[in-house]
Amino acid sequence: MKMCSKVDQTATLSPQDNYFPEVLENCKEICYNVENAKAKWRKPDEEVRIMAVTKTVPPEKVNFAVAQGFKLLGENRVQEFLSKKEAYDKSAEVQFIGHLQTNKVKYIINDVTLIQSVDNLKLAHEISRLAVKNNKTMNVLVEINIGDEATKSGVSAEMAEELVRQTAQLPNVSVKGLMAIPPVGSGEDVFEKMHGIFLSVKEKDIPNVSMDILSMGMSGDYELAIKHGSNLVRIGTKLFGARKYLED
Ligand SMILES: *Cc1c(COP(=O)(O)O)cnc(C)c1O
């Protein structure tokens, strides 16, 4: 993986104002663990992308991770993203991963490459409407509430395929896969259930659905997620350190 070979060479970086040694260490450790997990459990040609989850992290720290090759950023909150986006390194790719209210799609539609958190048809309709208006195609994932947690967003496992089908019929929207946040401490069965849904939807070859991305795994479980088919892990705490204030 290019990103990780780059991290290994960063000993040559000269110290500067925005230098975060602990983030550098974390980058190396995450790359090492991801490479190991891939070697153990996945085919050599399979790619796993690592996303840097930026909530509560100041842009200069985010940019330091980008400079280490962590060029995929995950945003949770519209307001926070809007206040930080101008400061982000322009080489970064930004995706939206947080709960998204329908009336806020308009603020992010032109600044993200993928919305991972589509969990209802009303939201999908609004993304479609604004994509048409802005003359673009918006890539989305359907988010599944795989642990059936009352406090989490996401469509139920049973309704997932139906939401994929309905979303895929909307103009200027392209369904690229699925996203999930397995409950903390989930057993392997939960990850495997998610993987199974992913494979079963993929097999159906639904028009305008590509099922390229299974976004699953965070700081506490990314290796397990890679074992069970994830190809996009979203990492915050393990990369940037503990978050200092409460979040949604
Ligand atoms: C915060 C968050 C993450 C990262 O969580 P960590 O445990 O800090 O790695 C990943 N995905 C989503 C949707 C998040 O909100």
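What follows draws every value from the coordinates through simple rules; no lab data is involved. None of these values were measured; they are calculated from a predicted model. For neighbour counting, all protein chains shown are included, and Cβ atoms are generated from backbone atoms with ideal geometry for every residue, glycine included.
Some notes on this structure:
- With R₀ fixed at 41 Å, the C-beta to C-beta distance from Lys106 to Asn18 puts the FRET efficiency at about 0.80.
- Under the Debye formula (equal points on every Cα, no solvent term), log10 I(q)/I(0) of segment 195-248 at q = 0.32 Å⁻¹: -1.19
- Thr113, Thr151 arranged by Cβ crowding within 10 Å, fewest neighbours leading: Thr151, Thr113
- Placed amide H near Asn120: partners under 5 Å, 5+ positions off or other chain: none
- Less than 5 angstrom separates the built amide H of Leu72 from those of Ala52, Glu93, all sequence-distant by 5 or more or on a different chain.
- Residue order, fewest to most beta carbons within 10 Å, for Met216, Met211, Met194: Met211, Met194, Met216
- Converting phi to 3J(HN,Hα) with the Karplus coefficients 6.51, -1.76 and 1.60 and the offset θ = phi - 60°, segment 206-220 yields 6, x, 6, 10, 9, 6, 8, 10, 10, 8, 7, x, 10, 3, x Hz in sequence order, with x at every glycine or proline.
- For the chain, the Cα gyration tensor yields ellipsoid semi-axes of 28, 22, 16 Å (square root of five times each eigenvalue, largest first, whole Å).
- Percent of Cα-Cα distances greater than 21 Å, calculated over segment 56-177: 41 percent
- Segment Asp45-Lys244, length gained on full extension (0.36 nm per residue, minus Cα span): 67.8 nm
- Karplus 3J(HN,Hα) series, Hz, for segment 28-43 with 6.51 cos²θ - 1.76 cosθ + 1.60 (x for Gly, Pro): 5, 5, 5, 4, 4, 5, 5, 4, 4, 4, 4, 4, 6, 10, 10, 6
- Segment Glu29..Lys133, full-extension length gain: 33.1 nm, with 0.36 nm per residue of separation and the alpha-carbon distance subtracted.
- Taking Cys27, Cys4 and counting other C-beta atoms within 10 Å, the order from fewest to most: Cys4, Cys27
- Rounded to 0.05, the FRET efficiency of the Leu199 and Gln169 pair, given R0 = 22 Å and the Cβ-Cβ distance, is 0.50.
- Residues whose amide H lies under 5 Å from that of Val155, counting only those 5 or more places away or on a different chain, are Glu143, Ile144, Asn145; hydrogens are built 1.01 Å from N in the peptide plane.
- Considering only Leu130, Val155, Asn76, and ranking their Cα positions along the charge dipole of the chain that arises from unit charges at the beta-carbon of Lys, Arg, Asp and Glu, the one farthest toward the positive end is Leu130.
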